[in-house]
């Protein structure tokens, strides 16, 4: 296959260079990768082996310019393998992921290249660099050092072998989870098995059944938008237990997709690499380049929230057990009962019924709400483009315009669950912003797993679903608003425990009357959400926060325990580690961790969140405090505060240390108090 026939190797349509999805086939990727890798190798060699002394331009800027074709192909490929994969792409992924890891390590372990970077770093004070250039140089030096550039040849060889093996293991882990999630169906045969299910869930389950070729039946899937409402409303305790146990056992139920042996190997390899690089454990290695800095700092945060969260969860459990007894139940509450009785308590305390709430949260209206909020804060405007290529018929594309009316980006929204998509919700980029050679405009995508409404019916979201949409759009804004020169620090290229700040902060606007009154519109009547219902919904935002905090914290604690336990040299039995971790902190029997290790994609699909799942809580300390700046200003769209938020958080990428970025926005660093208050876990004054 030649450059002329492979669309991956051709020029794509400016100004956004959106991939020509309709012309791309799986067979194009392997030759495309092969050519792009060779091209990148030649570019790296030219930089490393040049005779001229190192300068910022001939080394750092040259590195920032090279590898564009490879980056473009890899971004496309891995977005597809996450959002719309197939057997052919998965087979290629198994082959290409280790090759890319080996290629990357060959670059980071290049002694000549590191020598040039190290020389510049040692002279940085005398180079006359701008603050942004200084930050880029520092990040390059740190990244090469953390990859093993200073090791001897034997050490370099070993870290390269580890990286290659880890790439293959993490790919297999991810594909195993997808296989289990797409393979599960709870088929409901008759009215007895549908007992308790509201109309919106019945319609969604009927649609899932039609897609599965089971016309006339109803199907519950592992999409959170399907299984969580089922666990909430189903009156069939036996079916709730069956579905919940299967959901919890993903990746650890035996068979060829069991991930437990992979986890043990991944953790051992991560630990070995960390020790080769001079760290006590992988957790120490990971956190050394984060805001938290040490495992001890993370544990202090987790423990500071765990105790009040656990106490609140036990209080919640008593209330759930009491209402179960009132209904004639004589059993001890189990994890598959919690959501069911939680809904009954919520209805009793706050006069809220999910069936009453969901018609007000139409997907299209919530997209509009997210866009409108961005417009009021940052001056953005979104115009849908139906003429641009898409990788799936469900994907929508918008062109984004800045405050002055100039086009600045593309935003893709992929909202519905399907078997070819892994679970969860995320933001990614097909192209990141940069200005190193002219202005490259970003192409950002949000991917969700909402259950599509029935034929001719709007897709209705739970309030939690709507919060997820706002959360991921906050990540998207971090990419869309990026305004830096260098790709190294563009968009979400920030510390792992800072990256959740823009997303979690954006969630706050969803629960504001200024937003709900305009966009929470009933799907049938067209009327705005009644003020009374809105007030009850907002008042209930801390309902069940003990449960939500405990299930999240349990997963974060297991993450830290696993990666520190691996440093002991003992055999890694993930089931034993999980049991011991939960017993140590006194995990209530009625609650299970939000993510069990066997399907914990945050930790084992790569290492971005490994020893880093705590980062949601770390960022929440900041987001709770950051929204306070708007509340103190008396206007949640306060222009001056929004301007600071834009300049120091959303558009700045990784151009400065995150602690400084936050301080520049807020004037100080936050404390844990705002987080406890936000979650309703603070003791009364």
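All of the numbers you see were taken from the coordinates with simple rules; none came from a lab. It should be emphasised that the depicted structure is a prediction, and the values quoted were computed from it without experimental measurement. Using ideal geometry, Cβ is built from the backbone for each residue, glycine included, and neighbour counts are taken over all protein chains shown.
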Quiz item: Taking 1 over the mean of 1/r across every pair of different Cα atoms in the stretch 466-533, what Kirkwood radius in Å do you get?
Solution: 13.8
Quiz item: Relative to the longest principal Cα axis of the chain, at what angle does helix 111-122 sit, 0 to 90 degrees, rounded to 10?
Solution: 80
Practice problem: Decide, for the stretch 137-177, between rounded, prolate and oblate: order the square roots of the alpha carbon gyration tensor eigenvalues as a ≥ b ≥ c, take rounded if a/c falls under 1.5, and otherwise choose prolate if a/b is larger than b/c, else oblate. | Solution: oblate
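Does the stretch 207-328 come out rounded, prolate or oblate by the C-alpha gyration tensor, with a ≥ b ≥ c the root eigenvalues, rounded set by a/c under 1.5 and, if not, prolate when a/b is larger than b/c and oblate if not?
Numbers: a/c = 3.05, a/b = 1.49, b/c = 2.04.
Because a/c hits 1.5 or more and a/b fails to exceed b/c, the stretch 207-328 counts as oblate.
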Quiz item: Does anyone have the angle between helix 574-585 and the longest principal axis of the chain? Alpha-carbon axes, 0 to 90°, nearest 10?
Solution: 60
Practice problem: Using only Cα atoms, locate the centre of the stretch 448-521 and the centre of the stretch 268-311, then give the distance between them in Å, rounded to an integer. | Solution: 28
Self-check item: Inter-label distance for residue 420 and residue 296, nm, one decimal - labels placed 7 Å from Cα along Cα-to-Cβ
Solution: 5.1
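Given 0.36 nm per residue, what is the gain on full extension from residue 241 to residue 579 after removing their alpha carbon distance, in nm? It would help to have the intermediate numbers written out before the result.
Details: separation 338, 0.36 × 338 = 121.68 nm, distance 2.03 nm.
Here the answer is 119.6 nm.
Fewest Cβ neighbours within 10 Å first, please rank 150, 534, 448 accordingly. Working shown, then result.
Working: 150 16, 534 19, 448 22.
With the sparsest Cβ surroundings first, the list reads 150, 534, 448.
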Exercise. Find the centroid of the Cα atoms in the stretch 592-614 and in the stretch 68-93, then give the distance between the two in whole Å.
Key: 22
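How would you order 42-54, 376-388 from highest to lowest mean count of nearby Cβ atoms within 10 Å? Please list the in-between numbers first.
Working: 42-54: 13.7, 376-388: 15.2.
Result, highest mean Cβ count within 10 Å first: 376-388, 42-54.
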Quiz prompt | Size of the stretch 358-539 as Cα extents on the principal axes (Å, biggest first) | solution = 52, 33, 33
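Quantify how much of the Cα-Cα distance distribution of the chain extends past 51 Å, in percent. Before the final figure, lay out the partial values.
Details: 20340 of 234270 pairs.
Tail fraction, whole percent: 9.
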Quiz item: With the Cα gyration tensor of the stretch 505-566 giving a ≥ b ≥ c as the square roots of its eigenvalues, does the rule (a/c under 1.5 for rounded; else a/b larger than b/c for prolate; else oblate) give rounded, prolate or oblate?
Solution: prolate
Practice problem: Based on the mean of other Cβ atoms within 10 Å per residue, sort peptides 349-360, 208-219, 74-85, 615-626 so the most packed one is first. | Solution: 615-626, 74-85, 349-360, 208-219
Exercise. Averaging sequence separations of C-alpha pairs under 8 Å and six or more residues apart, then dividing by the length of the stretch 184-248, give the relative contact order as a whole percent.
Key: 36
Quiz item: So for the chain: antiparallel DSSP bridges make up what percent, rounded to the nearest 5?
Solution: 75
Quiz item: By how many degrees, between 0 and 90 and to the nearest 10, does the Cα long axis of helix 545-565 differ from the longest principal axis of the chain?
Solution: 40
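Determine, from the Cβ-Cβ distance of residue 647 and residue 192 and an R0 of 51 Å, the FRET efficiency 1/(1 + (r/R0)^6), rounded to the nearest 0.05. Don't jump to the answer; show the numbers that get you there.
Values: r = 59 Å, r/R0 = 1.16.
FRET efficiency, residue 647 to residue 192: 0.30.
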